[in-house]
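Here the structure comes first, spelled out in structure tokens, and everything after it is commentary.
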């Protein structure tokens, strides 16, 4: 894992850097964009070499990747569906990263969000559909939010490393869900697979008219834009950045460090919790192992590739959604093993982390 | 790494053999005819070369691909979630598949969800779950594996030195009980005092528990095992390592136990090729197809080198009995392992009496252990 402060200015000119944050923005963005594109290009070349070594034609492989991810209307719908949860789980890493925390607990927050959604919806059965759906999703947000905020509290009060704690909390969340769905809230009429009670049908959200993409996409898009606005254009976002840039400077400026940390964690966890709740109300209708498919972990990748920029998350989620949407087609057309798309994702991740290290270097040397 | 290569080559080898036999048995008029090209998609929940459920289907896929005009597309490691809907739709929309074989048991509800949307596509599912009201363009098919288990039992009964056998089951479900009963009855038809320890692990796939169970059984004096789990690979290998004999399940496992392998109960999912042909030509097809040897839904693995001619002949004679329908699996007098009478003397259950088999929630006399049901 890369250092969370990687995007932040180096300590030497940290104290004055927060003053300059907004003014230097265009150069920063351009540099980030160029570096991201370079990282993607390097990953693409490496992956091309990898598949060529395996005896496939790299160009044909990329053509198939495009066809499966974006080539037809069905592919695009598939990509959007795959990207939807990533929009939200990326925020779980992105928002805490702005205050300098490296949170990788998205997976656990998704699971808890899903569980809370099921419990809330069952308790709310009989309520009007729209209110029921909103409260169900809110329950997911609260559960995910408090879950990650707990890690933030541990960090602030006891100095527990948030990366380790959120990673381990993922296992706790999954174990908790497995316990609940194999006993206390299990639907025993489902004999083949352990799953929870089903949520009332009225609370399910359907597809966007004329598309086979569910409304979760709109929720995800809205959140990314909102988060971007908050982070870029409010004093809260500015405070986050100061805290993330230099904790002591933030302290000297009189910022409430603890509250900011907890809030950032809560917002991040809340986004992942919504992702879990949306999976329940839009796709599965019940909690089961289907929630544990790596949405949270892929979200980390999205956040890093987007360089903790909420708008860039939109594009990156689409890219990774497209890669996973076309994974099956690669298998079918080339008889490639399932793991090939994971290799591609891994290469992208490594290249992006490596390019993080050169952030600022180009700028300094060009001065 | 070399292990996986040998597995893959084994798989293709098996397919070639299969294809070979199929070409021999295909009516010659099939050739020379112009057949409509058709794309067939196979979807697996795990890897194709798992020495188990998925491999059995992958072998069948290769036999079906050898049919005239058939093009095969495959995707593995598709979870039993909404993901499989997308894979099915992707195969239909991007690959132009007209017949789909989503092979995992848990794919069924997703098949029913999207089948009405694609009336020009046939969905064939290994499970025999079709019931009135389900989509007409879906088929459920399944084999009576208790019949080849009976044959394995005969071999085991004749070969065992201790008279103690072991049966490892995954879930407490009717077909696992039927297989166990078949195995025990076969063994006791060859050796009256044979007993069989029955262990239900509770998981489709739990290699650690399966290996532990085999070790425990060997320590108790069991000298032949059969494992009804998703991939019996670990159980059969553990048995081989401990120097006891084993029978296979799902697909041909003889390569895993060169010394102790007797024979095995195999599916013949390639029967699904009949449905493909029917869909290609517009001929009628059944929505539900179940059967044993007589209906070509099950098969017997090649005998291991440890099995003498005498045993092979006894096993093959019993198989002929199933083929001719002269041998009934469940016939009286029959008691369960709690001493209750199940069938009176002279009572017989037809080998295709599905209702009876679905209600088997007991183990026959000679089985030691319980179903695990309340």
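The values are calculated or read from the model by the stated rules, or taken from the named source; none is laboratory data. Predicted, not measured: the structure shown is a model, and the values here were computed from it. Methodologically, a virtual Cβ is constructed for each residue, glycine included, from the backbone with ideal geometry; neighbour enumeration extends over all protein chains shown.
Filter segment B:110-122 down to the residues that are buried (at least 17 other Cβ atoms within 10 Å of the Cβ) and in contact (Cβ under 8 Å) with a residue 24 or more places away in the chain, then identify the one that is nearest to residue B:283 (Cα to Cα). Filtering segment B:110-122 for residues that are buried (at least 17 other Cβ atoms within 10 Å of the Cβ) and in contact (Cβ under 8 Å) with a residue 24 or more places away in the chain, the one nearest to residue B:283 (Cα to Cα) comes out as B:122. Taking the listed residues A:250, A:282, A:271, the one that is in contact with a strand residue (DSSP E or B) (Cβ under 6 Å, 6 or more places away or on another chain) and either over 29 Å from residue A:190 (Cβ atoms) or part of a helix (DSSP H, G or I) (or both) is A:282, with no other qualifying. When B:221, B:202 are checked against the criterion of being out of contact with any helix residue (DSSP H, G or I) (no Cβ under 9 Å at 6 or more places or on another chain), in contact (Cβ under 8 Å) with a residue 40 or more places away in the chain and not in a helix (DSSP H, G or I), B:221 stands alone in meeting it. Only residues that are within 11 Å of chain B (Cβ to nearest Cβ) and crowded, with 24+ Cβ neighbours inside 10 Å were counted in segment A:266-285, giving 2. Yes or no: segment A:294-307 includes at least one residue that is surrounded by 24 or more Cβ atoms within 10 Å (Cβ to Cβ), within 14 Å of another protein chain (Cβ to nearest Cβ) and farther than 22 Å from residue A:174 by Cβ. The answer is no; no qualifying residue exists.
With respect to (1) more than 14 Å from chain B (Cβ to nearest Cβ); (2) farther than 16 Å from residue A:273 by Cα; (3) surrounded by 15 or more Cβ atoms within 10 Å (Cβ to Cβ), the lone exception for residue A:209 is condition (3).
Only one of the numbered conditions (1) in contact (Cβ under 8 Å) with a residue 60 or more places away in the chain; (2) closer than 23 Å to residue A:42 by Cβ; (3) within 13 Å of chain B (Cβ to nearest Cβ) is not met by residue A:339, and that is (1).
Being away from chain A (no Cβ under 13 Å), part of a loop (DSSP other than H, G, I, E, B) and under 30 Å from residue B:319 (Cβ atoms) holds for only one residue in B:136, B:161, B:131, and it is B:161.
Checking each residue in segment B:59-89 for being part of a helix (DSSP H, G or I), out of contact with any strand residue (DSSP E or B) (no Cβ under 7 Å at 6 or more places or on another chain) and more than 7 Å from chain A (Cβ to nearest Cβ) picks out B:59, B:60, B:62, B:63, B:83, B:85. Among the residues of segment A:182-201, those identified as surrounded by 15 or more Cβ atoms within 10 Å (Cβ to Cβ) and not in a loop (DSSP other than H, G, I, E, B) are A:186, A:195, A:196, A:197, A:198.
For every residue, the table says whether it meets (1) buried (at least 17 other Cβ atoms within 10 Å of the Cβ); (2) more than 25 Å from the chain's Cα centre (by Cα); (3) not in a helix (DSSP H, G or I).
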| site | (1), (2), (3) |
| --- | --- |
| A:42 | yes, no, no |
| A:52 | no, yes, no |
| A:61 | yes, yes, no |
| A:69 | yes, no, no |
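Counting only residues that are in contact (Cβ under 8 Å) with a residue 24 or more places away in the chain, surrounded by fewer than 12 Cβ atoms within 10 Å (Cβ to Cβ) and either part of a strand (DSSP E or B) or assigned by TED's automatic domain parsing to the domain that holds residue B:170 (or both), segment B:342-374 holds 1 of them. Which of the residues that make up segment B:93-109 are surrounded by fewer than 24 Cβ atoms within 10 Å (Cβ to Cβ) and without any contact (Cβ under 8 Å) to a residue 60 or more places away in the chain? Passing the criteria: B:93, B:94, B:95, B:96, B:105, B:108, B:109.
Among the conditions (1) closer than 20 Å to residue A:68 by Cα; (2) within 12 Å of chain A (Cβ to nearest Cβ), residue B:98 misses just one, which is (2). Going through (1) outside the structural domain of residue B:44 (by TED's automatic domain parsing); (2) more than 24 Å from residue B:359 (Cβ to Cβ); (3) at pLDDT below 95 one by one, residue B:170 falls short only on (2).
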